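Following: one structure in structure tokens, then a few remarks.
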Amino acid sequence: MIPRLEYLDHISIKCAVPWQSRRVHPAAPKIGKSDRTGVRSIDVILSSFSSMADTVLYPLRMAHRLESFRMEEYKGAQRDFTDFDKLENLRELTLSACDFILNPNDKRHILLSPGLDVVDIKGCHNVLTSLGSLTCKPLVYGRPYHGTDSPPETIEVCEEHWPSLQIASLLTLSMPMTTKIDQVISTRLLCCLELMGRSLVVTMIHHLAVNSGELPLLDTLELRDCPEWDILFIMLEKRLLVQTSNVKSIERITFNRDPPPKIKQPLARLLAGHIVSRPAEVSRYSMG
């Protein structure tokens with residue numbers, strides 16, 4: 001039926017049967033050129049299906065013009081994503097509440113869709129460390145905190161896996177300050193970085209202060225939680241001092257709330273490219 005709906009623009013699929021009780025379905029028929037549709041967007045809620053069954057892959061393989069794919073609650077292997085590499089028009093991939101089941105020999109899957117521009121990953125497990133893209137420019141990654149038993153957060157965004165990345169939004173929600181975050185963010189073209197979650201903000205600003213030559217094109221920060229102000233000042237000063245090494249200084253920072261009044265003016269001067277005496281209040285407000 002679906003192939004005949006040549007004017008169909010959007011498909012929404014919800015599979016509500018738990019994967020344990022699924023019966024095995026026969027393989028979907030091969031897709032010929034006459035079966036292709038004009039579908040440009042697909043939304044899928046799998047409700048813990050263990051793989052992208054033919055109920056998903058069949059319409060996906062017909063949608064040769066697909067531009068946007070959104071999937072929730074997928075639980076299964078990353079190898080299922082090889083079908084996405086054939087989608088030449090795919091622009092946006094959104095994954096929400098998904099869980100990749102990894103084998104010891106699994107390697108990161110680099111998405112090869114030539115036009116893929118936006119990747120949005122929220123509330124997922126083992127996904128950011130399992131995927132990459134040669135063409136993605138903005139990446140959104142959000143991970144909620146699930147209690148004291150959650151393992152240390154690992155955030156890895158590297159040049160090898162995201163070579164075209166220019167904008168990254170990394171959001172760790174409701175995570176206590178004491179939560180350990182292991183992060184590796186090293187992409188040459190990144191110019192704008194948004195951070196949410198106190199632990200992530202503090203960890204990343206400290207990392208940039210120690211490694212002032214990393215993220216050489218970074219000039220914009222969006223901080224949704226307070227940094228340690230003294231470390232922020234040190235980081236900004238060091239970025240100014242290494243500009244001769246082809247590292248840009250930070251020119252713009254937005255905060256979720258105003259900085260303490262006595263810090264505002266020295267901070268503005270730093271962002272304008274002037275190293276000034278660090279006010280005593282910086283240490284006093286070092287914990288936000």
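The values are calculated or read from the model by the stated rules, or taken from the named source; none is laboratory data. Given the structure is predicted, the values throughout are model-derived calculations rather than measurements. All Cβ positions, glycine included, derive from the backbone under ideal geometry; neighbour counts span all protein chains shown.
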Report summary line: Exactly one of 120, 85 is outside the structural domain of residue 157 (by TED's automatic domain parsing), modelled with pLDDT of 75 or more and not in a helix (DSSP H, G or I), and that residue is 120
Report summary line: Going through (1) free of Cβ contacts under 8 Å to residues at least 60 places away in the same chain; (2) surrounded by 13 or more Cβ atoms within 10 Å (Cβ to Cβ) one by one, residue 213 fails only at (2)
Report task. Just give me the residues in region 264-288 being under 31 Å from the mean Cα position of the chain (by Cα) and either of a type in the set (Lys, Arg) or modelled with pLDDT of 80 or more (or both), in sequence order. Result -> 264, 267, 268, 270, 271, 272, 273
Query raised in the report: What do you reckon, is residue 181 at pLDDT 90 or above and either of a type in the set (Val, Ile, Thr) or in contact with a His (Cβ under 7 Å, 6 or more places away or on another chain) (or both)?
Result: no
Report summary line: With criteria (1) touching a Leu at 6+ places or on another chain (Cβ under 6 Å); (2) within 24 Å of residue 190 (Cβ to Cβ), residue 111 comes up short on (1)
Query raised in the report: Out of (1) at pLDDT below 95; (2) in contact with a helix residue (DSSP H, G or I) (Cβ under 6 Å, 6 or more places away or on another chain), the odd one out for residue 223 is which?
Result: (1)
Query raised in the report: Residue check, residue 61 against (1) closer than 16 Å to residue 14 by Cβ; (2) outside any loop (DSSP other than H, G, I, E, B); (3) in contact with an Asp or Glu (Cβ under 8 Å, 6 or more places away or on another chain); (4) at pLDDT below 90, all met but one. Which one?
Result: (1)
Query raised in the report: Which residues, counting only those in region 244-265, are without any contact (Cβ under 8 Å) to a residue 24 or more places away in the chain and part of a helix (DSSP H, G or I)?
Result: 244, 261, 262, 264, 265
Report task. Could you tell me whether region 221-233 includes any residue that is crowded, with 20+ Cβ neighbours inside 10 Å, touching a residue at least 60 places away in the same chain (Cβ under 8 Å), more than 17 Å from residue 188 (Cα to Cα) and of a type outside the set (A, V, I, L, M, F, W, C)? Result -> yes
Query raised in the report: On the given criteria, is residue 260 surrounded by 20 or more Cβ atoms within 10 Å (Cβ to Cβ), at negative phi and of a type outside the set (Val, Ile, Thr)?
Result: no
Report task. Identify the residue in region 130-147 that is at pLDDT below 85 and surrounded by 14 or more Cβ atoms within 10 Å (Cβ to Cβ) and, among all such residues, is nearest to residue 82 (Cα to Cα). Result -> 143
